[in-house]
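Remarks on the structure that follows.
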Amino acid sequence: MGRVSGGRARWAGVFACALLALGSLVWAVRDLSAAHWHPGRVWWLWAGSPSAWGGGSVQVTSLGDAVLLVLGVWGAVRGVRAPRTAAPALAAVGACALVVRLPPSWLLAQPWTGPWAGEGPRGLARVTDLAGLLLGVLLLGCAFAVRRPRGDRPPTARTAAVVLLLSAGLLAVWEAVRAGDYGAAAYRGALLGNRSTTLTLLATPQPWWAAALVLLALAAGIACAARARSGRALGTAAGAMLLAWGLVRLSVALRQERFDGALSGTPRVQLSLASTLAYVLAGLAVLALLRTPARSGAAAEERAATAPVPVSRAR
């Protein structure tokens, strides 16, 4: 039968998603308050432009908090409205939580973060980071505890799979180019984060984000192509991260007026700008292609619950 068990695990996952989203929301409101309620100042630090920060203290949130806020709400809604798809959604949110919260776990342990941010904000940020890691692990555990429904396989998502795989390849190429430009030692410092690249307390280094997104988009693309049950959820998470990455790069390019001289620029500049637009379009396309309304999930639940059970006749 296609019934979903593990109700307690599912509700624990819903609660964990809500806590992830709530933590990011609380810190985002704090940063907006410190920036005198100018969202642009917060955004530009998320995008890697420290000169735009006009707050009275160190910013805490990063782009990862915005993604966790959106995915946390999405995961909680999926868990409540569509129990049949709860397990993949919880696993996707948990994986993204680990990706976003792992770098601050070692960056906040560095001695320079204390004088830079103050022991109070630093301590609270470390608690938030540890809670995010624990919630990510909890979500993965809840996903395994919720029994997957048997029967129908998810519909094909070949177009989304192609977009995800091409995006992973494009990101991988540019990260290889970045590594070649930086050199091994410098790229390792940028990948793991250091004092010169850390702009917020819960920062996720851009090379780390890109490398993790390559792996996530690759896994999601393969899962969608294979019609795996986890494909649509992984693809949604990858699409959200891809869209956020593209919007950050696009906003920086527009602010620096890179598109003004794009036609007369070098091929590398043109390819970089084209890739930025491709990230935004790919993220939007993946989210649109993999969108499953909650009502559809609820309707599938009702159909599965009311389906007649075959009765075997004794001979």
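The values are calculated or read from the model by the stated rules, or taken from the named source; none is laboratory data. On a predicted model such as this, the values are computed, not experimentally measured, just so you know. Because the Cβ atoms are built from the backbone with ideal geometry, glycine has one as well, and the counts that use them run over all protein chains shown. Calculation scope for accessible area: heavy atoms of the full protein, side chains included, ligands and nucleic acids excluded. Shrake-Rupley method; radii C 1.70, N 1.55, O 1.52, S 1.80 Å.
Quick rundown of the values:
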{"read-out": "Members of the stretch 219-243 that are surrounded by fewer than 21 Cβ atoms within 10 Å (Cβ to Cβ) and either within 21 Å of Ser272 (Cα to Cα) or of a type in the set (D, E, K, R) (or both)", "value": "Arg227, Arg229"}
{"read-out": "Matching residues, the stretch 244-260, being open to solvent by less than 30 Å² (accessible area, probe 1.4 Å) and not hydroxyl-bearing (Ser, Thr, Tyr)", "value": "Ala244, Trp245, Gly246, Val248, Val252, Ala253"}
{"read-out": "Conditions (1) outside any helix (DSSP H, G or I); (2) within 30 Å of Arg8 (Cβ to Cβ): number failed by Leu98", "value": "(1)"}
{"read-out": "Yes/no for Leu216 being within 24 Å of Leu107 (Cα to Cα), without any contact (Cβ under 8 Å) to a residue 40 or more places away in the chain, surrounded by 20 or more Cβ atoms within 10 Å (Cβ to Cβ) and within 18 Å of the chain's Cα centre (by Cα)", "value": "no"}
{"read-out": "Conditions (1) assigned to a helix (DSSP H, G or I); (2) under 30 Å from Arg10 (Cβ atoms): number failed by Pro155", "value": "(1)"}
{"read-out": "Long-range neighbours under 8 Å by Cβ, at least six apart or interchain, first residue closer than 17 Å to Leu68 by Cβ within the stretch 119-136, second open to solvent by less than 40 Å² (accessible area, probe 1.4 Å) and among the charged types (D, E, K, R)", "value": "Asp129/Arg101; Gly132/Arg101; Leu133/Arg101; Gly136/Arg101"}
{"read-out": "Residue list for the stretch 114-127, filter: open to solvent by less than 60 Å² (accessible area, probe 1.4 Å) and closer than 15 Å to Thr204 by Cα", "value": "Ala125"}
{"read-out": "Selection status of Pro88, within 22 Å of Gly141 (Cα to Cα), in contact with a Pro (Cβ under 7 Å, 6 or more places away or on another chain) and either among the aromatic types (Phe, Trp, Tyr) or assigned to a helix (DSSP H, G or I) (or both)", "value": "no"}
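Every residue, every condition in (1) of a type in the set (A, V, I, L, M, F, W, C); (2) open to solvent by 80 Å² or more (accessible area, probe 1.4 Å), yes or no:
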| position | (1), (2) |
| --- | --- |
| Ala145 | yes, no |
| Ser167 | no, no |
| Trp174 | yes, no |
| Ala185 | yes, yes |
| Leu201 | yes, no |
